[in-house]
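The numbers here are math on the coordinates, done by the rules we state, and not lab data. These numbers come from a predicted model, not from an experiment. Note: ideal-geometry Cβ built from the backbone for every residue, glycine included; neighbour counts use all protein chains shown.
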Amino acid sequence: MYWHESIRVTDWFYIFFTENPGMAFGMELFGKIFLSTFRIIAVIILGWYIYRIVKNKLKTGYIACFALIFAGALGNVLDCIFYGEIFTASTNTSIARFVPFGHGYGTWFHGKVVDMFYFPIIETNWPQWMPFVGGDHFIFFSPIFNFADAAISCGIIALLIFYSKYLNNLSHTHQKTNEESK
């Protein structure tokens, strides 16, 4: 697909090809190397944590939530490390091509993350009588994201909904163990 080309699946779902140079919503803080390094460290810590919770035989659903977060984070890390090395740049007039390693548009850790899911559930204009935004175009749920982002979001949401009490109990158990060992 060309950069920003879209395929209409339904009125509220499009496959929309874009490349995200930063993190959520395209934000770039402290530069690409910092972001890539932060992602790698986060994936290593998550991997270590999953190893620990599997070894300690914690709840399967709890482990699955962290596995979703880990898999999504790893997917985005792989994109940011390798994508720029193995693909040419996407533009409005040219489709990215797979090229030999090292002949892509970027260097190690400078790849963009490919995003493609777009759900403009409600697309309308604000009523004229609304202060500041009256008459402006409005789209409810305009982020464009990828499967890895969805895995991270679903893992975090499920963790908060189904395991917030469990997390609280784990925290208190860990705190009591530390106090008893003193």
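Quick notes
- Highest to lowest packing among 83-94, 154-165, 122-133, scored as the average C-beta count within 10 Å: 83-94, 154-165, 122-133
- Structure-based [θ]222 nm, the chain - -39500 (n - 2.57) summed over DSSP H runs of at least 4, per residue, nearest 500: -17000 deg cm²/dmol
- The candidate values are [x] 35; [y] 27; [z] 48; the one derived from this structure for percent of Cα pairs over 26 Å apart carries the label [z].
- Using a Förster distance of 35 Å, the FRET efficiency for residue 42-residue 124 (Cβ separation, nearest 0.05): 0.40
- Kyte-Doolittle mean at least 0.5 and Cα axial length at least 24 Å: DSSP H helices in the chain: 32-55, 60-86
- Each residue, residue 4 and residue 166, gets one label point 7 Å from its Cα in the Cβ direction; the gap between the two is 4.4 nm.
- With a cut-off of 13 Å between beta carbons, the residues surrounding residue 2 carry a summed charge of -1, where Lys and Arg count +1 and Asp and Glu -1.
- In nm, spacing of pseudo-spin labels at residue 58 and residue 12 (7 Å Cα→C-beta vector): 3.5 nm
- Of the residues 115, 136, 149, the one that moves most in a GNM of the chain with alpha-carbon contacts below 10 Å is 136.
- Residues residue 33 and residue 173, FRET efficiency given R0 of 45 Å [Cβ-Cβ distance, rounded to 0.05]: 0.70
- FRET E, pair residue 49, residue 142, Förster distance 30 Å, beta-carbon r, rounded to 0.05: 0.35
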